[in-house]
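The values are calculated or read from the model by the stated rules, or taken from the named source; none is laboratory data. Fair warning: this is a prediction, and the values are worked out from it, not measured in the lab. All Cβ positions, even for glycine, are placed from backbone atoms using ideal geometry, and neighbour counts span all protein chains on display.
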Amino acid sequence: MEKETVESPGSLSLADFELTIQQSEEIIGPLTALGRNGANNTFTLLYDDVPQNLAVLATYDGDAPPARDGHTIICTGDCLVESAPAKVVAYRHT
Amino acid sequence: MGRIRRVAAVGILLALVAGCSSFGAPGAPDRSFDEAQDIAQLEQEFQTAASIKGFYASGQTVDDRNRFIIGRLVLTDVHYIRFIRQFAVNKALIDSAVDIATIGVDLAVTLVGAAPTKAILGAVSGGLTSSKVSIDKNFFQEKTVPVLVGEMNAQRKHARIPLVAGMHETMDKYPFEQAVIDLQAYYEAGTFIGALHAIQKESGVREQEADGVLDVILARPVPTALQVRRKAAAAYVRTLDQAQLDQLASALGLPTGGSAKSNILRTILKAQSTPSFDVIADKLNTLFGKKV
């Protein structure tokens, strides 16, 4: 299935980064990957049906993101939050 | 050693303040110092911290890596400003470069612990800033070089980001070897060849964008009212059959066929302002009587 990789400014707050992804999911389809390209973050979307529950982001420390009740982990990525490096995990409510 | 530092600090300050006297500018006295020697003394100051051999001989800690990065950044910035002063570029361009370098030096002052090093960096920072006033507008006649210098400034800003971000990372996440590569990219961003490559690449991308073949979407949050409309448009597009998708794609100047739906959806995503979205909304209304 076709994918779309979108960039967003690394200067965004986590809340705005999350909102950008959620608004994009409502148009293109579900999030599949997070990453970084220079000063921008990247996120990849699948051209598919809009997910019932939109992706929710959180930052975390350590090697693995914490599990969250009632959620599955979609993906993780080394991103920028307010221009500072941060590990970001995307959850989706099941 | 202290004397050398003082001489270097004063020398660099003078060199930077009086830098454009190298043009043979009217109203500027002859230089009574050796600019190259001043730079050499600054290099001597950073000889260990900014040398690859010095890093491998050190404990190879995050601090050692960051001192190396800072040393190279400062030296590269000083050389760069000296380099662009050779050309008749306008004051704004030099100011821009000076501002970037000043940020780098200030960063170094913040991060470098040793007091003598702080002192010399502080002097360089002062020199960079005060040198702005010595730019003589009479020399700013060239038309081509300013374009290149502007591009070099932009590329250098971009190339600095991974270095600054990397300094906050562990050695595993941002190894010394990656810093060396990024520093080389930072240096190359400040060369005419690097600027030409960037301009060439950018013009290629623009051409591709014009063809609708490749353009990266830079997404930001949009106001709720606009998002409601975009969402409605995307939902409607998903209900169209292939003939209708081709019709809409054609009206929007997009390729028809199997990729029509995805191209239309990405065009909706790209529409991050009401005027740009209204173009799509008008087509939906005209073609299908759908109001969004």
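Set side by side, the residues B:154, B:185, B:195, B:189 differ, and just one is buried (at least 21 other Cβ atoms within 10 Å of the Cβ) and either within 14 Å of chain A (Cβ to nearest Cβ) or among the polar types (S, T, N, Q) (or both), which is B:189.
Scanning the stretch A:9-33 for residues that are β-branched (Val, Ile, Thr) and surrounded by 19 or more Cβ atoms within 10 Å (Cβ to Cβ) yields A:20, A:21, A:27, A:28. Among the residues of the stretch A:13-31, write down those that are among the aliphatic types (A, V, I, L, M) and under 12 Å from residue A:44 (Cα atoms). A:21, A:28, A:31 - these are the residues of the stretch A:13-31 that are among the aliphatic types (A, V, I, L, M) and under 12 Å from residue A:44 (Cα atoms). Residue B:272 satisfies every condition listed in (1) touching a residue at least 40 places away in the same chain (Cβ under 8 Å); (2) more than 14 Å from every other protein chain (Cβ to nearest Cβ); (3) among the polar types (S, T, N, Q) except (2).
Of the listed requirements (1) at pLDDT 90 or above; (2) out of contact with any helix residue (DSSP H, G or I) (no Cβ under 8 Å at 6 or more places or on another chain), residue B:143 misses just one: (1). With a requirement of 2 or more residues that are more than 9 Å from every other protein chain (Cβ to nearest Cβ) and in contact (Cβ under 8 Å) with a residue 24 or more places away in the chain, the strands (runs of 3 or more DSSP E) lying completely within chain A that satisfy it span A:31-37, A:40-46, A:56-60, A:71-81, A:84-93.
In the set B:253, B:204, only one residue is at pLDDT below 95, under 30 Å from residue B:83 (Cβ atoms) and loosely packed, with under 13 Cβ neighbours inside 10 Å; that residue is B:204.
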